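A.B. asks: A single structure is presented below for examination.
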Amino acid sequence: MACHAVIPAAGIGQRMGETKPKQYLSILGCTLLEHSLRPLLACPALDKIVVVLQPDDPHVDALPLLRDERVLRAAGGSERSDSVLGGLALLQGIASDDDWVLVHDAARPCLAAQDLERLLVTVVDSGVGGLLAEPVRDTVKRADERALVTGTLERSGLWRAQTPQMFRLGQLRTALDKARQERTTVTDEAMAMEQAGYPVQLVEGSPTNIKVTVPDDLLLAQFYLSRPLAEKTL
Ligand code: CTP
Ligand code: MG
């Protein structure tokens with residue numbers, strides 16, 4: 001049984017407000033996409049890594065890391081889940097339904113090798129698909145459209161979902177297809193799996209595994225990426 005990865009990198013980065021998609025912005029001399037890809041390439045357990053791109057992507061050919069023979073390219077779609085499905089469709093031609101697949105955002109450049117390893121070991125040992133996540137540490141409010149508080153959520157039991165998210169290739173594709181047919185918006189793979197009735201395991205990851213969404217996140221990612229390796233632990 002093999003293990004592969006899909007990196008959705010076909011977004012436009014609207015909230016970042018830059019002239020090019022955020023996966024092509026640079027931190028410390030490398031693009032976010034390369035930073036996100038590097039720990040996956042360094043992981044011996046991973047076989048193929050599919051990078052999902054906008055069909056007319058003009059930036060990708062300039063990136064040396066993408067020329068690694070384990071890296072394949074697929075075309076993305078209008079929603080993140082469409083892009084993931086594009087990557088899974090490519091894998092399905094060369095992999096088995098029972099193989100594991102890790103989906104990792106191109107916009108998460110600070111994934112630590114230890115966190116990736118913990119996810120892999122936990123999921124392979126238990127056989128239950130799962131994702132990196134962090135317990136919520138803030139008090140979380142619910143509010144109405146005027147921003148008036150309607151309640152405070154019980155914090156214990158709340159987690160922030162990260163990527164990678166790791167599931168069986170065949171089950172994930174079926175679950176995402178089902179969500180698409182039912183026109184349900186799924187914002188991550190785990191949501192599609194939950195809705196299809198599968199158990200989903202949370203595996204604690206570092207809070208430094210941030211998703212770069214708005215310009216301030218870029219500074220934080222740069223700070224985390226510039227730390228010495230020894231400091232990059234949970
Ligand atoms: N993504 C994708 N295909 C899409 C939308 C998103 O492959 N149609 C990817 C992004 O490139 C990113 C990841 O999914 O690596 C997480 O999505 P998000 O942070 O929302 O990125 P964008 O959609 O690019 O940003 P925004 O929502 O601000 O436009
Ligand atoms: Mg988006």
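A.B. asks: Could you check the stretch 192-217 and list, in sequence order, the residues that are within 14 Å of ligand 1 (Cβ to nearest atom), open to solvent by 40 Å² or more (accessible area, probe 1.4 Å) and out of contact with any helix residue (DSSP H, G or I) (no Cβ under 8 Å at 6 or more places or on another chain)?
C.D. replies: So the first thing to find is which residues in the stretch 192-217 are within 14 Å of ligand 1 (Cβ to nearest atom), and the list is 209-217.
Keeping just the survivors that are open to solvent by 40 Å² or more (accessible area, probe 1.4 Å) gives 211, 214-216.
The answer is Asp216, and nothing else.
A.B. asks: With (1) closer than 18 Å to Asp61 by Cα; (2) within 15 Å of ligand 2 (Cβ to nearest atom) as the list, and Met16 as the residue in question, which single condition is left unmet?
C.D. replies: Of (1) closer than 18 Å to Asp61 by Cα; (2) within 15 Å of ligand 2 (Cβ to nearest atom), only one is false for Met16: (1).
A.B. asks: Among the candidates Pro228, Pro164, single out the residue that is within 28 Å of Leu25 (Cβ to Cβ) and either surrounded by 14 or more Cβ atoms within 10 Å (Cβ to Cβ) or within 16 Å of ligand 2 (Cβ to nearest atom) (or both).
C.D. replies: So the residue among Pro228, Pro164 that is within 28 Å of Leu25 (Cβ to Cβ) and either surrounded by 14 or more Cβ atoms within 10 Å (Cβ to Cβ) or within 16 Å of ligand 2 (Cβ to nearest atom) (or both) is Pro164.
A.B. asks: Could you tell me which residue of the stretch 1-12 is surrounded by the fewest Cβ atoms within 10 Å (Cβ to Cβ), considering only residues that are within 14 Å of ligand 2 (Cβ to nearest atom) and either among the hydrophobic types (A, V, I, L, M, F, W, C) or within 11 Å of Val71 (Cα to Cα) (or both)?
C.D. replies: Ile12
A.B. asks: Would you mention how many residues in the stretch 167-191 are under 23 Å from Leu111 (Cα atoms) and in a helix (DSSP H, G or I)?
C.D. replies: The number of residues fulfilling the criteria is 5.
A.B. asks: Would you please list the contacts, defined by Cβ atoms under 6 Å and residues six or more apart or on different chains, that run from a residue in the stretch 31-52 that is of a type in the set (Asp, Glu) to a residue that is open to solvent by less than 20 Å² (accessible area, probe 1.4 Å)?
C.D. replies: Pairs that qualify, where the first residue is of a type in the set (Asp, Glu) and the partner is open to solvent by less than 20 Å² (accessible area, probe 1.4 Å), are Glu34/Leu63; Asp47/His4.
A.B. asks: Within the group Ala89, Ala95, Ala113, which residue is more than 16 Å from ligand 2 (Cβ to nearest atom), touching a helix residue (DSSP H, G or I) at 6+ places or on another chain (Cβ under 8 Å) and farther than 29 Å from Glu182 by Cβ?
C.D. replies: Testing whether each residue is more than 16 Å from ligand 2 (Cβ to nearest atom), touching a helix residue (DSSP H, G or I) at 6+ places or on another chain (Cβ under 8 Å) and farther than 29 Å from Glu182 by Cβ leaves just Ala113.
A.B. asks: What is the residue count in the stretch 139-182 for residues that are closer than 30 Å to Leu46 by Cα and at pLDDT below 95?
C.D. replies: Total meeting the criteria: 0.
A.B. asks: Shifting gears a bit: Would you be able to say whether some residue in the stretch 125-142 is assigned to a loop (DSSP other than H, G, I, E, B) and more than 24 Å from Gly205 (Cα to Cα)?
C.D. replies: First pass over the stretch 125-142, keeping only residues assigned to a loop (DSSP other than H, G, I, E, B): 127-129, 136-140.
If we keep only those that are more than 24 Å from Gly205 (Cα to Cα) too, we end up with none.
Looking for residues that are assigned to a loop (DSSP other than H, G, I, E, B) and more than 24 Å from Gly205 (Cα to Cα), one finds none in the stretch 125-142, hence no.
A.B. asks: Now for a different question. With respect to Ala5, determine if the residue is touching a Pro at 6+ places or on another chain (Cβ under 8 Å) and in contact (Cβ under 8 Å) with a residue 24 or more places away in the chain.
C.D. replies: Working: touching a Pro at 6+ places or on another chain (Cβ under 8 Å): yes; in contact (Cβ under 8 Å) with a residue 24 or more places away in the chain: yes.
Yes: the conditions hold for Ala5.
A.B. asks: In addition: State yes or no: is Ala5 more than 11 Å from ligand 1 (Cβ to nearest atom) and touching a Lys or Arg at 6+ places or on another chain (Cβ under 8 Å)?
C.D. replies: yes
A.B. asks: Give the number of residues within the stretch 201-217 that are away from ligand 2 (no atom under 16 Å from the Cβ) and either without any contact (Cβ under 8 Å) to a residue 60 or more places away in the chain or in a helix (DSSP H, G or I) (or both). Talk me through it step by step, then tell me what you get.
C.D. replies: Pass one, the stretch 201-217, residues away from ligand 2 (no atom under 16 Å from the Cβ): 201-209, 216.
Retained after the next criterion (residues that are either without any contact (Cβ under 8 Å) to a residue 60 or more places away in the chain or in a helix (DSSP H, G or I) (or both)): 216.
Summing the residues that are away from ligand 2 (no atom under 16 Å from the Cβ) and either without any contact (Cβ under 8 Å) to a residue 60 or more places away in the chain or in a helix (DSSP H, G or I) (or both) in the stretch 201-217 gives 1.
A.B. asks: Among the candidates Ser26, Ser36, which residue alone is within 16 Å of ligand 1 (Cβ to nearest atom) and in contact with a Lys or Arg (Cβ under 6 Å, 6 or more places away or on another chain)?
C.D. replies: Just one listed residue meets the conditions, Ser36.
A.B. asks: Then there is this: Starting from the stretch 183-200, keep only residues that are within 19 Å of Ala5 (Cβ to Cβ) and touching a residue at least 40 places away in the same chain (Cβ under 8 Å), then list their pairs with residues that are β-branched (Val, Ile, Thr) and in a loop (DSSP other than H, G, I, E, B) whose Cβ atoms are within a distance under 7 Å, requiring at least 6 positions of separation or different chains.
C.D. replies: Taking only residues 6 or more apart or on different chains, the pairs are Ala190/Val200; Ala192/Val186; Met193/Val200.
A.B. asks: So which pairs qualify, if the first residue must be in the stretch 141-161 and exposed (fewer than 10 other Cβ atoms within 10 Å of the Cβ), the second must be aliphatic (A, V, I, L, M), the Cβ gap must be under 7 Å, and the two must be at least 6 apart or on different chains?
C.D. replies: As it stands, the answer is Arg142/Leu153; Val149/Ala143; Thr150/Ala143, since those pairs meet every condition given.
The values are calculated or read from the model by the stated rules, or taken from the named source; none is laboratory data. What you see is a predicted model, and the numbers here were worked out from it, not measured in a lab. Using ideal geometry, Cβ is built from the backbone for each residue, glycine included, and neighbour counts are taken over all protein chains shown. When the accessible area is computed, the model is the full protein with side chains, heavy atoms only, and any ligands, DNA or RNA have been set aside. Shrake-Rupley method; radii C 1.70, N 1.55, O 1.52, S 1.80 Å.
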